[in-house]
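Colleague: The structure's right below; bear with me while I get my questions together.
The values are calculated or read from the model by the stated rules, or taken from the named source; none is laboratory data. Every value quoted in this text rests on a predicted model; they were computed, and no experiment measured them. A quick note on method: Cβ atoms are made from the backbone with ideal geometry, for glycine too, and the neighbour counts reach across all protein chains shown.
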Amino acid sequence: MQAKLVTVSTQRQSATPAAGAGPGGGRARGSRQRQRLIDACITALHLYGPSRTTVEKVVAIADLSPGIVRFYFDSKDAMLLASLGYLAEEFEKKVLVPVGRLEDSPVRALELLVDLYLDPQIASTRKVSVWYSFWGEASSRQEYLDICGKNDEDFAVLVRQLMEGLIAETGARHLDADGIALGLIGVLEVLWQGFAFQSEESIDRAAARARSLAYLRSVFPGKFAGGAASGADTSLPIWAYASGPLLALERERLLRPAWQVVGYTELDERKGRVAGKLRYLVHDLTYALRGTTPADLTSLEMTRAGPLLLARSPQPGGEARASDAGGWPAEWPDLRPGRVEEFAVAANWKILVEHWLGSDSPRRHFLPPNQLLDLTPASAQILQVVPEGPDRSRLLRFELRAARGGVGRAASARGGASPPLERQIALAESTQQGLSGPLSQAEEGAIVPPALAQFRRSIATLLPLV
């Protein structure tokens, strides 16, 4: 078997024109290449800093020819500044704008601000280090101020306005909004500095969020929940389980960056290598494990977890971390592939996840945002729920077992489901049907398991973006 899994080329199942074919094809390809250079430049800045980043290093990371840089940037400095500008624009779009929409609800706005500020899409190790590399290098400081100064000012003003609103709401007129705002900004800045000196895998974002909210809770007691949350604190609105725009955001922000089970790694003893084709259900892609495919190709990052083959959409700087499958067990018993079953579910994908997280078992591992692993010394079961629409999804069951045997044929009919799966599907569909009326009061006042509360918070951060 190959010692190393590499990025695999993919293509959509439906026929699509090659890049450059048809109106706008060339522009689309150019836009992708420019973004590819920017992503590679961010990685180079993270690794080398502004002064030691060169065009040669950037194109090596991007796997492009040096000459292509001239098509998009006048100079190396222009490319570096475009990369910083991209991060500044991303911060404005994904933090300032959605938080600003909640200005009339300061508690919700501040909780969302903390979540977005610490989100890995904004505060990854590589991106944070770029901010600080420009700020810390004297020759680049003016460029930083020119590009990011207004964002910094707008962020400070927004935080201060939210503190003023919260002081007015609580009647705590003795508090100084400017001082409290400066304190929160300081907390977040210190956490970011810590991120810059850690590996991505070692960052504890839940702990960082808890520390930020602890600061706010110390100033405004009773306003920011800590520890276990009640159902009211973590519930989602009914429309969140039937919204097409929200589903699009969930795909982009939660599902695409996550490692997904796509099959098993099996040795072809005649050829001594991994071979075959698999279907990647989350992205509706078909790809080959070896060889090339025609048309405009999209890459997937590949890695392994025990006997499982995992894939995800390419992440900026992701190839360097392609061996990491964070959250998956490091040690696996000697298991072999079993059956693969597939079932249609007339319910939103989040309902199945919430039912999984409502119960607890020491042998169960929830792999955010949509997979559940049940692992024993003699067997394993992976459940994966894939959204197909706002009110429908597909449930996949991957089986592993100690005894040797071939992979079973995928079951497409509900009749192949085990009784526990039948009950899960029936409960999810019943819950979806009940969403047409008022919310159930069963959870009101009840303590919500931390994993369920965290999952709902990950969805709640997307609601202002809809």
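Colleague: Take residue 118 and tell me if it is buried (at least 18 other Cβ atoms within 10 Å of the Cβ) and either free of Cβ contacts under 8 Å to residues at least 12 places away in the same chain or of a type in the set (A, V, I, L, M, F, W, C) (or both).
Modeller: yes
Colleague: Name the residues in region 177-224 that are surrounded by 14 or more Cβ atoms within 10 Å (Cβ to Cβ), over 18 Å from residue 119 (Cβ atoms), out of contact with any Ser or Thr (no Cβ under 9 Å at 6 or more places or on another chain) and among the charged types (D, E, K, R), would you?
Modeller: 217
Colleague: What do you reckon, is residue 178 within 23 Å of residue 85 (Cα to Cα) and either among the basic types (Lys, Arg) or part of a helix (DSSP H, G or I) (or both)?
Modeller: No.
Colleague: Being under 16 Å from residue 82 (Cβ atoms) and at pLDDT below 85 is the filter here; which residues of region 47-61 pass it?
Modeller: Hit for region 47-61 is 50, nothing else.
Colleague: For residues that are at pLDDT below 80 and part of a helix (DSSP H, G or I), scanning just region 440-464, find the one that is farthest from residue 358 (Cα to Cα).
Modeller: 464
Colleague: Restricting attention to region 377-414, which residues are at pLDDT 85 or above and not in a strand (DSSP E or B)?
Modeller: If the condition is that a residue be at pLDDT 85 or above and not in a strand (DSSP E or B), then 378, 390, 391 are the ones that fit.
Colleague: Here's a follow-up. For region 121-142, which residues satisfy the criterion of being more than 16 Å from residue 188 (Cα to Cα) and buried (at least 18 other Cβ atoms within 10 Å of the Cβ)?
Modeller: 126, 130, 133, 134, 140, listed by residue number.
Colleague: Also, quick follow-up: Failed condition for residue 355, given (1) modelled with pLDDT of 90 or more; (2) in contact with an Asp or Glu (Cβ under 8 Å, 6 or more places away or on another chain), with all others met?
Modeller: Checking residue 355 against (1) modelled with pLDDT of 90 or more; (2) in contact with an Asp or Glu (Cβ under 8 Å, 6 or more places away or on another chain), the one that fails is (2).
Colleague: Could you tell me how many of the residues in region 143-166 are touching a helix residue (DSSP H, G or I) at 6+ places or on another chain (Cβ under 6 Å) and either within 18 Å of residue 222 (Cα to Cα) or aromatic (Phe, Trp, Tyr) (or both)?
Modeller: Final tally of qualifying residues: 6.
Colleague: Of these, 61, 68, which one is touching a Ser or Thr at 6+ places or on another chain (Cβ under 6 Å) and farther than 25 Å from residue 151 by Cα?
Modeller: 61
Colleague: Of the conditions (1) at pLDDT below 50; (2) more than 19 Å from residue 456 (Cβ to Cβ), residue 230 fails just one. Which one is it?
Modeller: Here residue 230 meets the rest and fails (2).
Colleague: Between a first residue in region 239-258 that is under 27 Å from residue 200 (Cα atoms) and modelled with pLDDT of 90 or more and a second residue that is among the acidic types (Asp, Glu) and not in a loop (DSSP other than H, G, I, E, B), which pairs have beta carbons less than 9 Å apart while being 6 or more apart in sequence or on different chains?
Modeller: Every condition considered, no pair remains.
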